[in-house]
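Scroll down for the structure; my scribbles are underneath it.
The values are calculated or read from the model by the stated rules, or taken from the named source; none is laboratory data. Computed from a predicted structure; not experimentally measured. Ideal geometry is used to build each Cβ from the backbone, glycine not excepted, and the neighbour counts take in all protein chains shown.
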Amino acid sequence: MIPGQFSYHRPATVADAVKLLSSLGDDARPLAGGHSLVPMMKLRLATPEHLIDLHGIDGLKGIRRDGANIVIGAMTTQHELLASAEIGQSLPILHETALLIADPQVRYRGTLGGNVANGDPGNDMPALMITLGASYRLEGPTGGRDIAAAEFYQGAYFTALEPGELLTAMSIPVPPAGHGYAYEKLKRKVGDYATAAAAVVLTKAGGKVSTCSIGLTNLSETPLLAEGAARAVIGTSLDDASLKKAAAAASAIMSPAADARGPVEYRKHVGGIMVMRALQRAFSTSS
Ligand SMILES: Cc1cc2nc3c(=O)[nH]c(=O)nc-3n(C[C@H](O)[C@H](O)[C@H](O)COP(=O)(O)OP(=O)(O)OC[C@H]3O[C@@H](n4cnc5c(N)ncnc54)[C@H](O)[C@@H]3O)c2cc1C
């Protein structure tokens, strides 16, 4: 339960953090809220020799509107998302999802950037980011680049971050007014990671689904965009048959691990149920 020894660095700018990450190489890790990294260090599943604490970098915090997008600094905490009127109004599904993460103590420290950069299939925000069509801003030794959240996740704890790169912000397109949304998460107890979860954002026209996006959490090594499931409900009034088709299409792309949260077939089954529940609630809340 005691982490290995490490050197502590506290840069004041993104440029300094990138310089440190580049020069220290694989032995260095950024430290955000520490609520995934430090437990891993205590279990000796992570043994970085250098921690680059991001808390001294002012520019990494905050929530701002940029045209049709909301831009959120990587060091913005989950608690700050919950406290933001802008998020409550423009991205209510982000508010709903943040509230389903752990408990207030974790949310006071845990950041959105740490949650999405971590690469843990159990984290809730990555599937939501791909559902919303978000992109991530990365700064590295040779400059900055933007990458779609859907292209960021490559395997469990394996992302598109290149050596020396830091995630600095997430940019999220604001869904149209009146959109329906839901994040349905099955967990074993309050504060737990998902056994299975589904995010849905949709719009309706003439009583039928006109656009739909569905993301899945902890049902594969990476978050999944369930495009076939979304196609199954577009143009329908979400009758039983189309709901079942969507669940089947989503289950077909799931490949969850068999672990303490249940065997593979169980997790795929409840994954399908989360998809149906999220679709129904999103449909009923959209105007
Ligand atoms: C009891 C408990 C229950 C939890 N339950 C849930 C849950 O239900 N759902 C859920 O989603 N999460 C859960 N978490 C995890 C929590 O949300 C973490 O806070 C989050 O996963 C990581 O955010 P962090 O800011 O703490 O990042 P850290 O732990 O500091 O970092 C996580 C990883 O991301 C890297 N990193 C961090 N910031 C950056 C950056 N800006 N650029 C590049 N790399 C970066 C770090 O180097 C590290 O590898 C739980 C945690 C605990 C302790």
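Which of the residues belonging to the stretch 24-38 are more than 7 Å from the ligand (Cβ to nearest atom), buried (at least 17 other Cβ atoms within 10 Å of the Cβ) and assigned to a helix (DSSP H, G or I)?
Correct list: L24 only.
Do the conditions hold for A258, that is, is it exposed (fewer than 14 other Cβ atoms within 10 Å of the Cβ), of a type in the set (A, V, I, L, M, F, W, C) and within 22 Å of the chain's Cα centre (by Cα)? Judged against the criteria, A258 is a match. Residues in the stretch 220-256 that are in a loop (DSSP other than H, G, I, E, B) and without any contact (Cβ under 8 Å) to a residue 60 or more places away in the chain: A226, I234, G235, T236, S237, L238, D239, M254, S255.
I'd like the residue in the stretch 186-209 that is buried (at least 23 other Cβ atoms within 10 Å of the Cβ) and part of a strand (DSSP E or B) and, out of all such residues, is farthest from the ligand (Cβ to nearest atom). Don't jump to the end; show me each part of the working.
Of all residues in the stretch 186-209, those buried (at least 23 other Cβ atoms within 10 Å of the Cβ) come to 194-202, 209.
From what's left, part of a strand (DSSP E or B): 196-202, 209.
Details: A196: 13, A197: 9, A198: 14, A199: 12, V200: 18, V201: 18, L202: 23, V209: 28 Å.
Checking each candidate, the answer is V209.
Counting only residues that are aliphatic (A, V, I, L, M) and more than 10 Å from the ligand (Cβ to nearest atom), which one in the stretch 105-146 is surrounded by the most Cβ atoms within 10 Å (Cβ to Cβ)?
Restricting to residues being aliphatic (A, V, I, L, M) and more than 10 Å from the ligand (Cβ to nearest atom), the top hit is M129.
Inspect all residues belonging to the stretch 61-68 and state whether any of them is of a type outside the set (G, A, S) and more than 17 Å from S171 (Cα to Cα). No, there is no match, as no residue in the stretch 61-68 is of a type outside the set (G, A, S) and more than 17 Å from S171 (Cα to Cα). Any residue at all in the stretch 1-17 that is crowded, with 18+ Cβ neighbours inside 10 Å and more than 14 Å from the ligand (Cβ to nearest atom)? There is no residue in the stretch 1-17 that is crowded, with 18+ Cβ neighbours inside 10 Å and more than 14 Å from the ligand (Cβ to nearest atom). Figure legend. Inter-residue proximity from the stretch 93-108: first residues assigned to a helix (DSSP H, G or I), second residues surrounded by fewer than 16 Cβ atoms within 10 Å (Cβ to Cβ), beta-carbon distance below 8 Å, spacing 6+ or different chains. Indicated pairs: H95/G88; V106/G191. Among the criteria (1) at pLDDT below 95; (2) under 19 Å from the mean Cα position of the chain (by Cα), the one G59 does not fulfil is (2).
Considering only the stretch 126-171, state which residues are closer than 18 Å to G114 by Cβ and assigned to a helix (DSSP H, G or I). Within the stretch 126-171, P126, A127, L128, M129, I130, A149, F152 meet the criteria.
Within the stretch 147-175, if we keep just the residues that are among the β-branched types (V, I, T) and buried (at least 19 other Cβ atoms within 10 Å of the Cβ), the residue that is farthest from V200 (Cα to Cα) turns out to be T168.
With the structure loaded, tell me whether G133 is touching a Gly at 6+ places or on another chain (Cβ under 9 Å), modelled with pLDDT of 95 or more and either closer than 20 Å to A197 by Cα or hydroxyl-bearing (S, T, Y) (or both) or whether it fails that test. It is false that G133 is touching a Gly at 6+ places or on another chain (Cβ under 9 Å), modelled with pLDDT of 95 or more and either closer than 20 Å to A197 by Cα or hydroxyl-bearing (S, T, Y) (or both).
For the stretch 88-99, a tally of residues being surrounded by 20 or more Cβ atoms within 10 Å (Cβ to Cβ) and within 16 Å of the ligand (Cβ to nearest atom) returns 4. Residues in the stretch 270-285: is at least one surrounded by fewer than 24 Cβ atoms within 10 Å (Cβ to Cβ) and under 21 Å from N115 (Cβ atoms)? The answer is no, given that none of the residues of the stretch 270-285 is surrounded by fewer than 24 Cβ atoms within 10 Å (Cβ to Cβ) and under 21 Å from N115 (Cβ atoms). Taking the criterion of being more than 10 Å from the ligand (Cβ to nearest atom) and among the polar types (S, T, N, Q), the only residue of the stretch 159-175 that qualifies is S171.
Kindly establish whether G178 is in contact (Cβ under 8 Å) with a residue 24 or more places away in the chain, more than 8 Å from the ligand (Cβ to nearest atom), surrounded by fewer than 20 Cβ atoms within 10 Å (Cβ to Cβ) and under 24 Å from E221 (Cβ atoms). No.
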